[in-house]
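What follows is calculated from the coordinates using simple rules that are stated; it is not laboratory data. Worth saying up front: this structure is predicted, and the values here are computed from it rather than measured. Cβ: placed from backbone, ideal geometry, glycine included. Neighbour counts: every protein chain shown.
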Amino acid sequence: MTPDANEAMKDKPALPRRGLMLILSSPSGAGKTSLTRMLLQKKDLDLTLSISVTTRPRRSSEVDGIHYSFIGKKRFDAMRDSGELLEWAEVHGNFYGTPREPVERTLAEGRDMLFDIDYQGTQQLKAKEGIDVVTIFILPPSMQELKARLERRAEDEGEAISKRLANARNEIARWTLYDYVLVNDDIQRSFDELVAILSAERLRAPRQIQGIEALVAKLMKEE
């Protein structure tokens with residue numbers, strides 16, 4: 001077998017499966033965005049980022065359609081009311097939501113989607129999508145470090161940082177709602193832990209049920 005064929009076999013799952021929804025949540029500044037970027041850059045993970053819609057103004061470092069789809073409140077309300085959003089939430093006075101169609105299409109193809117959303121959206125998705133959802137909460141090592149990260153980011157003024165720190169305490173208190181909790185005191189270690197969680201969750205029997213049933217039926221008929 002050629003090296004290219006070996007790589008193809010390595011990437012191909014042993015059994016067909018339904019995709020999963022990998023959700024990362026954290027208080028602002030805990031490292032969620034950096035970890036999301038690292039996961040997407042590891043091409044062999046084959047993760048597709050769910051692009052949320054938001055009414056929040058675009059930051060200078062953001063690109064429409066890549067970081068978020070920036071829309072007006074009227075359009076957001078129309079999407080929410082027509083059932084086009086799987087989940088939605090109000091955060092810091094702005095609205096965020098997950099478009100339904102790209103998620104359903106990707107999971108049906110057996111591919112996984114990565115979500116960068118808060119605890120409100122996470123609970124809505126867990127209630128609606130059940131076994132398809134895997135939730136991970138990222139904690140900072142300390143509130144002092146969280147404040148320092150927000151200050152280094154230099155995207156918010158002092159008053160906004162204070163508001164984010166207050167909201168962080170509210171979000172941190174929701175850690176019990178998640179399947180996994182990681183402390184991001186070392187980003188490479190946190191990344192390695194995320195990859196390990198994803199690898200294990202992809203092998204859960206309910207995600208591969210059709211393939212398992214077909215294989216078991218075949219094995220039972222063999223002499």
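For this structure, a couple of remarks:
- Using the Cβ-Cβ distance between residue 186 and residue 222 with R0 set to 35 Å, the FRET efficiency from 1/(1 + (r/R0)^6) comes to roughly 0.10.
- Principal-axis tilt of helix 143-153 within the chain, Cα atoms, nearest 10 degrees: 80 degrees
- The chain, relative contact order [Cα under 8 Å, separation at least 6], %: 30 percent
- Note on 88, 175: ascending count of other Cβ atoms within 10 Å places them as 175, 88, the fewest first.
- Taking the fewest neighbouring Cβ atoms within 10 Å as the starting point, the ordered list for 92, 67 is 92, 67.
- Degrees separating the helix 119-129 axis from the principal Cα axis of the chain, which is the longest one: 30 degrees
- Checking the Cα-Cα distances for 32/163; 73/163; 74/128; 43/74; 126/147 against a 27 Å cut-off, the pairs over it are 43/74; 126/147.
- Net charge contributed by nearby residues that have their C-beta within less than 15 Å of residue 76 (K/R +1, D/E -1): +1
- Model label zone, residue 100; criterion: amide N under 16 Å from point 7 Å along Cα-to-beta-carbon; scope the range 33-60: 53
- Straightening the chain between residue 148 and residue 162 buys 3.9 nm, computed as 0.36 nm per residue apart minus the Cα-Cα spacing.
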